[in-house]
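Visitor: Would you mind keeping the following structure in view while I ask a few things?
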Amino acid sequence: EPEVTQTPSHQVTQMGQEVILRCVPISNHLYFYWYRQILGQKVEFLVSFYNNEISEKSEIFDDQFSVERPDGSNFTLKIRSTKLEDSAMYFCASSGGVTDTQYFGPGTRLTVL
Amino acid sequence: AQKITQTQPGMFVQEKEAVTLDCTYDTSDPSYGLFWYKQPSSGEMIFLIYQGSYDQQNATEGRYSLNFQKARKSANLVISASQLGDSAMYFCAMRGEYGNKLVFGAGTILRVKS
């Protein structure tokens, strides 16, 4: 069964450093998303991506964040200068089909020190 | 704007019994989708079930069913014949008519007792 994959599973970085989180969405899906979940809190939408451009973004997704689909399979989230409050689980998701159900990857746990 | 409310922070259920997890929603969109996801302690988000706002029948997927009451704006998840592996956090989520983002509730932790 096709699934969304994410790498790395855990990333530790120093405050102010750039990080790139990688995702491989399900191959025939057209919509891609990033969400984050701060420990113990609800899942929050960051950004959606369709047809090689951002279709929607939240207030959290400020200038420090960017997304890219560098090739036909990968979808990346870049945080330019990490802050302590960026520590969270970051989920990639993709969707397609009649119900447009979003299927999530296993997540990348980002720890900013 | 959409809002999801899950009023039960935690629930216990005896193995093999049924349990209902509550979810109410608020939206002014004429059509929308409702979803339930399971998050085990390992952290991944697993899709369980979907209900469209215009669907006449309640959705079912194996042991999961969604008790959809549109007038009351509720979309409760019913798990029948609970298993120990059902112990997890459960999130209700909503997608509005405009845009594809999901809005999540705060979640309910379910513990299945043997």
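The values are calculated or read from the model by the stated rules, or taken from the named source; none is laboratory data. A quick note: this is a predicted structure, and the numbers were derived from the prediction, not measured. Cβ coordinates were reconstructed from backbone atoms using ideal geometry, including for glycine residues, and neighbour counts include every protein chain displayed. SASA here: full protein model, heavy atoms, side chains in, ligands and nucleic acids out. Shrake-Rupley method; radii C 1.70, N 1.55, O 1.52, S 1.80 Å.
Visitor: Only one of (1) buried (at least 21 other Cβ atoms within 10 Å of the Cβ); (2) out of contact with any helix residue (DSSP H, G or I) (no Cβ under 8 Å at 6 or more places or on another chain) is not met by B:Gly99, so which one is it?
Guide: Every listed condition holds for B:Gly99 apart from (1).
Visitor: For the subset of the range A:27-58 comprising residues that are modelled with pLDDT of 95 or more and among the aliphatic types (A, V, I, L, M), which member is farthest from A:Phe104 (Cα to Cα)?
Guide: Once the filter is applied, the top-ranked residue is A:Ile54.
Visitor: Continuing with this model, one more query. Would you mind stating whether B:Phe68 is part of a strand (DSSP E or B), away from chain A (no Cβ under 11 Å), buried (at least 19 other Cβ atoms within 10 Å of the Cβ) and not acidic (Asp, Glu)?
Guide: Yes.
Visitor: Enumerate the pairs (first residue in the range B:77-102 and free of Cβ contacts under 8 Å to residues at least 12 places away in the same chain; second residue anywhere and open to solvent by less than 10 Å² (accessible area, probe 1.4 Å) and in a strand (DSSP E or B)) with beta-carbon separation below 8 Å, excluding pairs fewer than 6 apart on the same chain, so at least 6 apart or on different chains.
Guide: From residues that are free of Cβ contacts under 8 Å to residues at least 12 places away in the same chain, the pairs are B:Gly99/A:Ser48; B:Asn100/A:Tyr33; B:Asn100/A:Ser48; B:Asn100/A:Ser95; B:Asn100/A:Gln102; B:Lys101/A:Tyr33; B:Lys101/A:Ser48.
Visitor: Another question, if that's okay. With the checklist (1) open to solvent by 30 Å² or more (accessible area, probe 1.4 Å); (2) within 14 Å of chain A (Cβ to nearest Cβ) in hand, flag the one item B:Gln51 doesn't pass.
Guide: The one condition B:Gln51 does not meet is (1).
Visitor: Sticking with this structure for a sec: Being open to solvent by 50 Å² or more (accessible area, probe 1.4 Å) and part of a loop (DSSP other than H, G, I, E, B), is that true of even one residue in the range A:89-96?
Guide: No, the range A:89-96 has no match at all.
Visitor: Can you tell me which of A:Ile38, A:Ile54 is of a type in the set (Val, Ile, Thr), farther than 21 Å from B:Gly105 by Cβ and open to solvent by 30 Å² or more (accessible area, probe 1.4 Å)?
Guide: Numbers: A:Ile38 fails: farther than 21 Å from B:Gly105 by Cβ.
The unique qualifying residue is A:Ile54.
Visitor: What about B:Glu44, is it surrounded by 15 or more Cβ atoms within 10 Å (Cβ to Cβ), within 12 Å of chain A (Cβ to nearest Cβ) and at pLDDT below 95?
Guide: Numbers: surrounded by 15 or more Cβ atoms within 10 Å (Cβ to Cβ): yes; within 12 Å of chain A (Cβ to nearest Cβ): yes; at pLDDT below 95: yes.
So B:Glu44 fits the description; yes.
Visitor: Being on the phi < 0 side of the Ramachandran plot and touching a Lys or Arg at 6+ places or on another chain (Cβ under 9 Å) is the filter here; which residues of the range B:89-109 pass it? Walk me through it before giving the result.
Guide: If we filter the range B:89-109 for residues that are on the phi < 0 side of the Ramachandran plot, which is where we start, we get B:89-98, B:100-106, B:108-109.
Residues satisfying the conditions are B:Met89, B:Tyr90, B:Phe91, B:Met94, B:Arg95, B:Lys101, B:Leu102, B:Val103, B:Phe104, B:Gly105, B:Ala106.
Visitor: While we're on this one: Take the residues in the range A:65-88 that are in a strand (DSSP E or B) and among the aliphatic types (A, V, I, L, M); name whichever of them is surrounded by the most Cβ atoms within 10 Å (Cβ to Cβ).
Guide: A:Leu77
Visitor: Look at B:Ala81 and say whether it is within 11 Å of chain A (Cβ to nearest Cβ) and either surrounded by fewer than 20 Cβ atoms within 10 Å (Cβ to Cβ) or more than 23 Å from B:Gly10 (Cα to Cα) (or both).
Guide: no
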